[in-house]
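Peer 1: I'd like to ask you about the structure that follows.
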Amino acid sequence: MKNDVNFVSDYLDATIQVLQDTKALNEQILSAVDIWKSALKNGRKVIFCGNGGSAADAQHLAAELMGRFLFDRAPMPALSLTVDTSALTAIGNDYGYENVFARQLRGIGVAGDVIVGLSTSGNSVNVVKAFEVARELGIATIGMTGAGGGAMAPLSDLLLAVPHAQTNYIQEAHIAIGHMICAMVEVQLCSPKP
């Protein structure tokens, strides 16, 4: 039992340390808020993509904007490219899994949109290809990665690279960062009801 208690305590201590270290991204987080706000104020949308746990985070953050976060307000246009199984499997089958996000983005993305790509390594080929298409279309790219940023770094207009190398801790920081951005965008664009 003591070992289990130590594990819990040690794990939480490590998570807290990663979140403390993530304070180094304060300026980048504020820049992400501005990028999202600019797109939304101009009638554009925030698009998310990622694989595995990052796919779940992409879906989660899109839902926070489309639904509500801290208070009731009008929906903000947002979507995740990870949720349409027919598109994912058809594109994966016909064009290869590396093109599942790029092909969708080419179909629905417009200049002035924002794409947020989540990849703990920064090397997810399908996210990298989506960022390449985003560059062609005039879509702002925000990379959410782990330390270094991987192949996404040079393709990111803004890089939010959590200063850690272990997937679980990076993903925990990603959702915290995403929640912070959602909160600030919501408060700054929408007045809470009294």
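Peer 1: In the stretch 134-172, which residues are of a type in the set (A, V, I, L, M, F, W, C), touching a strand residue (DSSP E or B) at 6+ places or on another chain (Cβ under 9 Å), in contact (Cβ under 8 Å) with a residue 24 or more places away in the chain and not in a strand (DSSP E or B)?
Peer 2: Residues of the stretch 134-172 of a type in the set (A, V, I, L, M, F, W, C): 134, 137, 139-140, 142, 144, 147, 151-153, 155, 158-162, 165, 170.
With the extra rule that they be touching a strand residue (DSSP E or B) at 6+ places or on another chain (Cβ under 9 Å), the set shrinks to 134, 139-140, 142, 144, 147, 152-153, 155, 158-162, 170.
Adding the requirement that they be in contact (Cβ under 8 Å) with a residue 24 or more places away in the chain leaves 134, 139-140, 142, 144, 152-153, 155, 158-162, 170.
Selection gives ALA134, ILE139, MET152, ALA153, LEU155, VAL162, ILE170.
Peer 1: Could you grab me the full set of residues in the stretch 69-107 that are closer than 19 Å to ALA39 by Cβ, in a loop (DSSP other than H, G, I, E, B) and among the charged types (D, E, K, R)?
Peer 2: ARG73
Peer 1: Here is a further query. Of the numbered conditions (1) farther than 15 Å from HIS174 by Cα; (2) surrounded by 23 or more Cβ atoms within 10 Å (Cβ to Cβ); (3) among the polar types (S, T, N, Q), THR145 satisfies every one except a single condition; which is it?
Peer 2: Status for THR145: all satisfied but (1).
Peer 1: Say whether the condition of being among the aliphatic types (A, V, I, L, M), outside any helix (DSSP H, G or I), in contact with an Asp or Glu (Cβ under 8 Å, 6 or more places away or on another chain) and closer than 25 Å to ASN42 by Cα is met by at least one residue in the stretch 108-119. Lay out the reasoning, then the answer.
Peer 2: Let us first name the residues in the stretch 108-119 that are among the aliphatic types (A, V, I, L, M), namely 108, 110-111, 114-116, 118.
After this cut, where a residue has to be outside any helix (DSSP H, G or I) as well, the list is 110-111, 114-116, 118.
From what's left, in contact with an Asp or Glu (Cβ under 8 Å, 6 or more places away or on another chain): 118.
Next, only the ones that are closer than 25 Å to ASN42 by Cα stay: 118.
Yes; the residues of the stretch 108-119 include at least one that is among the aliphatic types (A, V, I, L, M), outside any helix (DSSP H, G or I), in contact with an Asp or Glu (Cβ under 8 Å, 6 or more places away or on another chain) and closer than 25 Å to ASN42 by Cα.
Peer 1: Taking the residues in the stretch 129-139 that are buried (at least 22 other Cβ atoms within 10 Å of the Cβ) and in contact with a Ser or Thr (Cβ under 8 Å, 6 or more places away or on another chain) as candidates, determine which candidate is farthest from HIS164 (Cα to Cα).
Peer 2: Of the stretch 129-139, the ones buried (at least 22 other Cβ atoms within 10 Å of the Cβ) are 130-131, 134, 139.
Within this subset, residues satisfying the condition of being in contact with a Ser or Thr (Cβ under 8 Å, 6 or more places away or on another chain) are 131, 134.
Values: PHE131: 22, ALA134: 27 Å.
Ranking the candidates gives ALA134 first.
Peer 1: Looking at VAL46, is it closer than 28 Å to PRO192 by Cα and in contact with a Leu (Cβ under 9 Å, 6 or more places away or on another chain)? Working first, answer last.
Peer 2: Numbers: closer than 28 Å to PRO192 by Cα: yes; in contact with a Leu (Cβ under 9 Å, 6 or more places away or on another chain): yes.
It is true that VAL46 is closer than 28 Å to PRO192 by Cα and in contact with a Leu (Cβ under 9 Å, 6 or more places away or on another chain).
Peer 1: Let me ask something else. Residue pairs, Cβ under 7 Å, 6 or more apart or interchain, first in the stretch 75-98 and in contact (Cβ under 8 Å) with a residue 24 or more places away in the chain, second of a type in the set (Lys, Arg). List them.
Peer 2: Close Cβ pairs satisfying both conditions: PRO77/LYS45; ALA78/LYS45; LEU79/LYS45; GLU98/LYS129.
Peer 1: Sticking with this one: Give me the residue from the stretch 54-68 that is over 19 Å from ALA102 (Cα atoms) and assigned to a helix (DSSP H, G or I) and, out of that set, nearest to the chain's Cα centre (by Cα).
Peer 2: Taking the stretch 54-68 as the starting set, the residues that turn out to be over 19 Å from ALA102 (Cα atoms) are 60-61, 63-68.
With the extra rule that they be assigned to a helix (DSSP H, G or I), the set shrinks to 60-61, 63-66.
Values: HIS60: 9, LEU61: 7, ALA63: 12, GLU64: 12, LEU65: 12, MET66: 14 Å.
If we take residues in the stretch 54-68 being over 19 Å from ALA102 (Cα atoms) and assigned to a helix (DSSP H, G or I), then LEU61 is nearest to the chain's Cα centre (by Cα).
Peer 1: Which pairs turn up if I take residues in the stretch 28-55 that are crowded, with 18+ Cβ neighbours inside 10 Å and look for partners that are of a type in the set (Phe, Trp, Tyr) and part of a helix (DSSP H, G or I) with beta carbon separation below 7 Å, at least 6 apart in sequence or on another chain?
Peer 2: What qualifies is VAL46/TRP36; CYS49/PHE101.
Every number in this text was worked out from the coordinates using simple rules, so none of it is lab data. Predicted model only: the values in this text are computed from it and were never measured. FYI the Cβ positions are ideal-geometry reconstructions off the backbone, even for glycines, and counts take in every protein chain you see.
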